[in-house]
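Down below is the structure, laid out as structure tokens.
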Amino acid sequence: MLEKVLKYISLLQKEKYMNSLFDLFERTHLEPAKHNDNTYEYYNISARTDISKVRDILEKWFYNYPEEEKKELKSRFKKDFDSSFFELFLYELFCKLGYNIIIHPDLPSSPKKPDFLISKNDLEIYIEAKIVKSKTMEQEAFERKRNELYDNLNKLNTKDFLLNIEHLCFLSQKQPSTKGMIKYIEEELQKIAPNILREELEKNGIENLPKIEYKNRDVHMIVSPIPISPSAREEKIRPIGIYPAEAFWGGGEESLKESIEKKAKRYGKLDKPFIVCLNSLDIRTSGKIDVDNAIWGTLAFSWSTNPESKDEKWIRQLDGVFYDKKGVRLKNLTGIFVSKVCPHNVPVANYWLYEHPFSENKMDFNKIGLKFNYISEGKIIDNTGDNIGDILEIPKDWLT
């Protein structure tokens, strides 16, 4: 009898595990994530309070997801956390707005299937979700290579200093070995008295810190040691304190436009309104200015050469996704939703929803339940959505 009870309990636990997004076990891992950690795996093992709260929210959303789709979504979470998170976020968002949702609906004119068909009263909308990162395969490979070096360098043994990485250059295609690098830097740090260096830092500033240079056939790196205050030296820390700054020209408008165009053309002519939803993880896309430039056209300053009437004003150039120098574009598209949402910022994340003024599949955007941007009498009416926390019923201070 006891054996049957235990077997029954085991089956219940297995069923509960299969229906959950994360594994069920007691967590003790309190370390911060490494640069190259698989995001799902880290969320699965972490016992940190903030991660636990995020995991609880994602588990709650996953519980509401259709039973027959859970296995496939969980599998994708393990391989591509960002895109799977965004799809689950959108599903929960539209559920909370009162929509019925069909996942991967059939289309009358294409064998391809969009992510969702949402419906409420007399409103039906196809939804397509996409992550925007604007990184080539080569760039992503370089980041993995760089991140592995950072993760290994963070194993360096020192409680007296943080490292400011002033210069990092890969000299070959190989992944650099960090064993000799770590040994060399540790030896150089032992030659420096942290208290004396701290006094020099206060007098002369960070620019005059000593440099430690390391070079072999695969990598060239220069770091400067920053002394830690005596009271904090017994705490376990990651040695890298300052990473090299990334520099780039321009914003993320082009990556947004490319993603919108690709998705808008994917299904051809549609029988219902169609909204492309983008989650921009591109560091170059800072906010509404960049998104507006992609949607409405790049903002430019205009003036007349007439000295009596300069007529100075801001205008939109003809290079937006809805309209360019050749005229109206992507008419099968009804609207565009852009966000910069991640698991930790859900209730405070902003979004921007745009109505296509020349769409062939028009709809009443006032019925959607989200704030939106549109054109009225030739003027752009701006609205930034700041109510995700209210819709999803998550307080803004949920992680504190």
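The values are calculated or read from the model by the stated rules, or taken from the named source; none is laboratory data. On a predicted model such as this, the values are computed, not experimentally measured, just so you know. Backbone-built Cβ (ideal geometry, glycine too); neighbour counts: all protein chains shown. Note: accessible area is taken over every heavy atom of the protein model, side chains too, but ligands, DNA and RNA are not part of it. Shrake-Rupley method; radii C 1.70, N 1.55, O 1.52, S 1.80 Å.
Which condition from (1) touching a helix residue (DSSP H, G or I) at 6+ places or on another chain (Cβ under 8 Å); (2) surrounded by 12 or more Cβ atoms within 10 Å (Cβ to Cβ) is the one that S229 breaks?
(2)
Within the bounds of the stretch 160-174, is there any residue that is among the hydrophobic types (A, V, I, L, M, F, W, C), over 30 Å from R266 (Cβ atoms), in contact (Cβ under 8 Å) with a residue 40 or more places away in the chain and surrounded by fewer than 13 Cβ atoms within 10 Å (Cβ to Cβ)? Outline the logic, then answer.
So the first thing to find is which residues in the stretch 160-174 are among the hydrophobic types (A, V, I, L, M, F, W, C), and the list is 161-163, 165, 168-171.
Then keep just the ones that are over 30 Å from R266 (Cβ atoms); that gives 161-163, 165, 168-171.
Next, from what is left, pick out any that are in contact (Cβ under 8 Å) with a residue 40 or more places away in the chain: 161-163, 165, 168-171.
Cutting the leftovers down to surrounded by fewer than 13 Cβ atoms within 10 Å (Cβ to Cβ) gives us 169, 171.
So far as the stretch 160-174 goes, yes, one or more of its residues are among the hydrophobic types (A, V, I, L, M, F, W, C), over 30 Å from R266 (Cβ atoms), in contact (Cβ under 8 Å) with a residue 40 or more places away in the chain and surrounded by fewer than 13 Cβ atoms within 10 Å (Cβ to Cβ).
For the stretch 342-354, indicate whether the set of residues that are without any contact (Cβ under 8 Å) to a residue 12 or more places away in the chain and part of a loop (DSSP other than H, G, I, E, B) is non-empty.
Initial filter on the stretch 342-354 (without any contact (Cβ under 8 Å) to a residue 12 or more places away in the chain): 345.
Keeping just the survivors that are part of a loop (DSSP other than H, G, I, E, B) gives 345.
Checked the stretch 342-354: at least one residue is without any contact (Cβ under 8 Å) to a residue 12 or more places away in the chain and part of a loop (DSSP other than H, G, I, E, B).
With the structure loaded, tell me whether E148 is at negative phi and in contact with a helix residue (DSSP H, G or I) (Cβ under 6 Å, 6 or more places away or on another chain) or whether it fails that test. Give the derivation first.
Details: at negative phi: yes; in contact with a helix residue (DSSP H, G or I) (Cβ under 6 Å, 6 or more places away or on another chain): no.
For E148, the condition - at negative phi and in contact with a helix residue (DSSP H, G or I) (Cβ under 6 Å, 6 or more places away or on another chain) - is not met.
So the check is Cβ under 6 Å with 6+ separation or different chains; which pairs have a first residue in the stretch 376-400 that's open to solvent by 40 Å² or more (accessible area, probe 1.4 Å) and a second one that's among the acidic types (D, E) and not in a loop (DSSP other than H, G, I, E, B)?
Within 6 Å, the pairs are L399/D50.
For the condition farther than 14 Å from T334 by Cβ, at pLDDT below 95 and within 22 Å of the chain's Cα centre (by Cα), what is the one hit in D382, D390, D397? Spell out the reasoning first.
On the way: D382 fails: within 22 Å of the chain's Cα centre (by Cα); D390 fails: at pLDDT below 95.
Within the list D382, D390, D397, the selection yields D397.
I'd like to check something: does the stretch 99-117 contain any residue that is closer than 27 Å to P343 by Cα, open to solvent by 80 Å² or more (accessible area, probe 1.4 Å) and modelled with pLDDT under 90?
Checking the stretch 99-117: not a single residue is closer than 27 Å to P343 by Cα, open to solvent by 80 Å² or more (accessible area, probe 1.4 Å) and modelled with pLDDT under 90.
Checking M221 against (1) out of contact with any Cys (no Cβ under 8 Å at 6 or more places or on another chain); (2) open to solvent by less than 40 Å² (accessible area, probe 1.4 Å), which single condition isn't satisfied?
Exception for M221: condition (1).
State all residues of the stretch 181-211 that are under 13 Å from F161 (Cβ atoms), open to solvent by less than 30 Å² (accessible area, probe 1.4 Å) and assigned to a helix (DSSP H, G or I); if no residue qualifies, say none.
Those that are under 13 Å from F161 (Cβ atoms), open to solvent by less than 30 Å² (accessible area, probe 1.4 Å) and assigned to a helix (DSSP H, G or I): I185, L189, P194, L197.
Right, Y214: touching a helix residue (DSSP H, G or I) at 6+ places or on another chain (Cβ under 6 Å) and open to solvent by less than 50 Å² (accessible area, probe 1.4 Å) or not? Reasoning before the result, please.
Working: touching a helix residue (DSSP H, G or I) at 6+ places or on another chain (Cβ under 6 Å): yes; open to solvent by less than 50 Å² (accessible area, probe 1.4 Å): yes.
Yes.
Could you check how many residues of the stretch 355-396 are part of a loop (DSSP other than H, G, I, E, B) and either out of contact with any Pro (no Cβ under 9 Å at 6 or more places or on another chain) or farther than 17 Å from V321 by Cα (or both)?
We begin by selecting, within the stretch 355-396, every residue part of a loop (DSSP other than H, G, I, E, B); these are 356-364, 368-372, 377-378, 382-384, 386-387, 393-396.
If we keep only those that are either out of contact with any Pro (no Cβ under 9 Å at 6 or more places or on another chain) or farther than 17 Å from V321 by Cα (or both) too, we end up with 356-358, 360, 363-364, 368-372, 377-378, 382-384, 386-387, 393-396.
Selection size over the stretch 355-396: 22.
In the stretch 53-80, which residue that is within 18 Å of L392 (Cβ to Cβ) and not hydrophobic (A, V, I, L, M, F, W, C) is surrounded by the most Cβ atoms within 10 Å (Cβ to Cβ)?
Looking at residues that are within 18 Å of L392 (Cβ to Cβ) and not hydrophobic (A, V, I, L, M, F, W, C), I get Y65.
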